[in-house]
Every structure is written in C-alpha cells, then in structure tokens.
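Student: Here it is: the structure, laid out below.
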Amino acid sequence: MGLAEEVRGLSQAVLTLDKATIRFGGLFAVRDVSFSIQSGDLFGLIGPNGAGKTTCFNLITGVYKPTAGVVKFGDTVLNGQAPNRICEMGIARTFQNIRLFSSMSALENVVVAGSLRQKSSFISALSYLPSAIKETGEIRARALELLKVMDLEDIADVRSCDLPYGKQRRLEIARAMATDPTLLLLDEPAAGMNPQESEQLMRTVRRIRDEFGKTVLLIEHDMKFVMNLCERIVVLDHGVEIASGGPAEIRNNPKVIEAYLGEAV
Ligand SMILES: Nc1ncnc2c1ncn2[C@@H]1O[C@H](COP(=O)(O)OP(=O)(O)OP(=O)(O)O)[C@@H](O)[C@H]1O
Ligand SMILES: [Mg+2]
C-alpha cells in the first residue's frame with residue numbers, strides 16, 4: 001500500500017449513506033443503500049437503467065429528502081437540508097441531462113457558479129467597493145483557469161448552446177469545480193462522447209482528484225471508463241445494492257453480470 005492509499009485509509013468518511021431509502025408511491029427507487037466515501041476516493045456508482053443512481057445523487061444534493069436512513073457529509077446530517085445549503089457546504093454536481101445557462105458564454109457559466117462562494121456581500125458588490133471588484137476579477141481569473149483545466153479555454157466566449165455535446169459536458173464539470181467543492185458528483189460525464197473524448201476525460205477526472213484534491217463520486221454506463229478510473233465501485237439494481245468492491249471484483253461478480261444480462265462489464 002502506498003502512502004497516498006494509507007493516508008486515505010486513515011481519513012474520515014467524506015460522505016456516508018446509511019440505509020438511505022426513498023419511496024415514490026409504491027416504488028422504492030433507493031432502498032437501504034449504505035456506502036461511505038473517503039477523502040480522495042475516485043468512487044463509481046453503476047447499475048442498469050432505473051437502478052436508482054441519479055436518485056442517490058438527488059438524495060445527496062437535497063433534491064429529495066430520504067424517506068428513511070441517513071445521508072451524512074462528514075459529521076453533518078444532510079437529510080432535509082436545502083440544495084443551495086448543501087452546495088455551500090462543499091458538494092457540487094453535474095446533471096445527466098446537461099443544465100447549462102444556454103444563452104451565456106462558457107466563461108459566464110463558470111463565473112456565475114464561482115460567485116456562489118463570493119465573500120463580498122451583495123450590497124458591496126452593487127456599490128462597486130474595491131474589495132468586490134477585486135474579488136470579481138479573481139473569480140473571472142479562476143474561471144478561465146478552470147476552462148483551461150477542462151481544455152475549453154479556446155471556447156470561453158462561445159455560447160454554451162452552440163458547443164458540441166462533449167464540450168458542454170466538460171463545461172458542466174468546470175462549472176461544478178467553480179464552487180470549489182470537497183466532493184464532486186458526476187452523473188454520466190462520458191455519455192455521448194467518442195472514445196477519444198472519453199479517454200481525455202478520464203485523464204482530466206484523475207487530475208481533478210490528484211492535483212486538485214477533490215473526492216469524486218461518478219455514475220457512468222461506460223464500463224471501460226468506470227473500470228479504468230474508479231478504485232471502488234458500488235452496484236445498484238432496482239434500488240438495492242447488489243455488490244461493492246474494486247473493479248476486478250465487480251467485473252467478475254455473478255450478480256453484477258446477471259443484472260447487466262450479458263452486457264460486457
Ligand atoms: N421523482 C420521481 N417520481 C417517481 N419516480 C421516480 C422519481 N425519480 C426517480 N423515479 C424512479 O426511480 C427509479 C430510479 O430512477 P433513477 O433516475 O435514479 O435511475 P438511474 O439509475 O439513474 O437510471 P439511468 O441509468 O437510466 O439514468 C426509476 O424507476 C424512476 O422512474
Ligand atoms: Mg440516471
């Protein structure tokens with residue numbers, strides 16, 4: 001075990017789901033799901049369509065309140081907290097269906113998200129106090145830096161709706177990073193990407209963990225992407241956890257193979 005792994009092993013859980021459950025009418029979308037993510041993890045959440053993966057993200061980010069069970073960020077219970085509060089605490093996400101501000105430029109999309117963490121009050125920003133102006137400049141500089149990390153610096157001024165799909169997905173990640181989260185949730189980041197784009201994204205996500213120290217939880221159907229990138233994986237099927245472990249264990253788990261019914265895992 002290397003030093004990085006040892007440190008990670010000793011560290012406190014960043015996120016804990018303890019028997020997290022949500023029911024919509026008669027359907028348990030997520031039922032008694034328990035896992036924990038340590039600081040610095042690159043963690044995968046997989047499963048067939050309708051397994052409850054996005055619903056888990058919605059439970060973590062406060063879109064839904066669990067019907068039962070607990071979701072914790074460090075020691076803080078998230079159940080019932082508002083999404084904006086959870087974002088301020090340090091959890092950012094991207095969406096399965098891209099949700100950018102379509103008429104804004106790429107840079108503006110990232111700047112808006114960066115402003116969430118702005119320290120100056122709204123009033124001081126309005127009155128153009130030097131501190132507010134300085135901070136706005138810093139947010140812009142940081143946004144440009146994030147576009148560079150995501151290989152998007154050449155399209156900073158392009159409206160997000162005019163960008164090809166793969167670049168929109170990367171822009172969503174830049175925007176999530178702009179809130180400087182501790183935990184980054186990515187919902188199908190490689191969806192619709194060609195093999196070259198998803199290779200490049202794999203490198204970038206690894207860099208986000210290694211260089212920026214982010215903890216990453218990602219949902220993905222692209223098995224090559226998950227198996228090459230994630231060190232730990234939880235598998236859901238019909239709302240329940242059917243397996244957890246490292247990529248090799250998951251790939252050879254009969255329950256997982258059955259859930260995917262012959263799909264290459
Ligand atoms: N707001 C809701 N109301 C009713 N049912 C819902 C709601 N949200 C999710 N569901 C149901 O919960 C189940 C899990 O959905 P979820 O979107 O979490 O699946 P998923 O694993 O993300 O699937 P996919 O891979 O297709 O994105 C589905 O049966 C879905 O229809
Ligand atoms: Mg989903």
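The values are calculated or read from the model by the stated rules, or taken from the named source; none is laboratory data. Keep in mind the model is a prediction, meaning the values are calculated, not measured. Here the Cβ positions follow ideal geometry from the backbone for every residue, glycine too, while neighbour counts run over all protein chains shown. The area values use the complete protein model at the heavy-atom level, side chains included, leaving out ligands, DNA and RNA. Shrake-Rupley method; radii C 1.70, N 1.55, O 1.52, S 1.80 Å.
Student: Provide the per residue accessible area, probe 1.4 Å, for the chain, rounded to a whole number of square angstrom.
Tutor: Value returned for the chain: 48 Å² of accessible area per residue.
Student: Follow-up question, since we're still on this one. Can you list the chymotrypsin sites (Phe, Trp or Tyr not before Pro) in region 192-265 that are in a DSSP coil and have 14 or fewer other beta carbons within 10 angstrom?
Tutor: Phe212
Student: Along the positive direction of the dipole of the chain (beta-carbon charges: Lys, Arg +1; Asp, Glu -1; about the Cα centre), which of Val149, Ile22, Thr204 reaches farthest?
Tutor: Going by the Cα projections, it comes out as Ile22.
Student: Let me check against my output: what whole-number percent is the relative contact order of the chain, with C-alpha pairs under 8 Å and at least 6 apart? Kindly include the intermediate steps, with their values, before the conclusion.
Tutor: Details: 484 pairs, mean separation 67.3, N = 265.
Computed value for the chain: 25 percent relative contact order.
Student: What shape does region 171-265 take by its C-alpha gyration tensor, where a ≥ b ≥ c are the square roots of the eigenvalues and a/c under 1.5 counts as rounded, a/b above b/c as prolate, and the rest as oblate?
Tutor: On the way: a/c = 2.06, a/b = 1.69, b/c = 1.22.
Prolate, since a/c reaches 1.5 and a/b exceeds b/c.
Student: Continuing with the same structure: How much of the accessible area of the chain, in percent, comes from carbon and sulfur atoms when a 1.4 Å probe is used?
Tutor: With neighbouring chains kept in place, the figure for the chain is 53 percent.
Student: Which whole-Hz couplings ³J(HN,Hα) result when phi for each residue of region 196-205 is put into the Karplus expression 6.51 cos²θ - 1.76 cosθ + 1.60, θ = phi - 60°, listed in order with x for Gly and Pro?
Tutor: Coupling constants for region 196-205: 5, 5, 6, 4, 5, 5, 4, 4, 5, 5 Hz.
Student: Right, here's the next one. Taking a label point 7 Å from the Cα of Ile242 along the Cα→Cβ vector, which residues of region 8-50 have an amide N closer than 17 Å to it?
Tutor: Those under the cut-off are 28-34, 45-50.
Student: Kindly report, to the nearest 10 Å², the accessible surface of Ile155 as traced by a 1.4 Å probe over protein heavy atoms only.
Tutor: Answer for Ile155: close to 20 Å² accessible.
Student: Let's test the formula: R0 of 30 Å, r as the Cβ-Cβ distance of Glu211 and Arg85. What FRET efficiency results, to the nearest 0.05?
Tutor: Numbers: r = 28 Å, r/R0 = 0.94.
Efficiency at R0 = 30 Å is approximately 0.60.
Student: Same structure again: Using a 1.4 angstrom probe on the protein heavy atoms only, line up Lys214, Lys148 by accessible area, largest first.
Tutor: Lys148, Lys214
Student: Counting residues in the chain as N, plug N into 2.2 N^0.38 Å and put the Cα Rg over that result. Let's see the in-between values first.
Tutor: On the way: Rg = 18.9 Å, N = 265, 2.2 N^0.38 = 18.3 Å.
Working it through for the chain, the quotient is 1.03.
Student: Could you tally up the Lys pairs in the chain with alpha carbons closer than 27 Å? Skip any pair fewer than 8 positions apart unless they're on separate chains.
Tutor: Counting lysine pairs in the chain gives 26.
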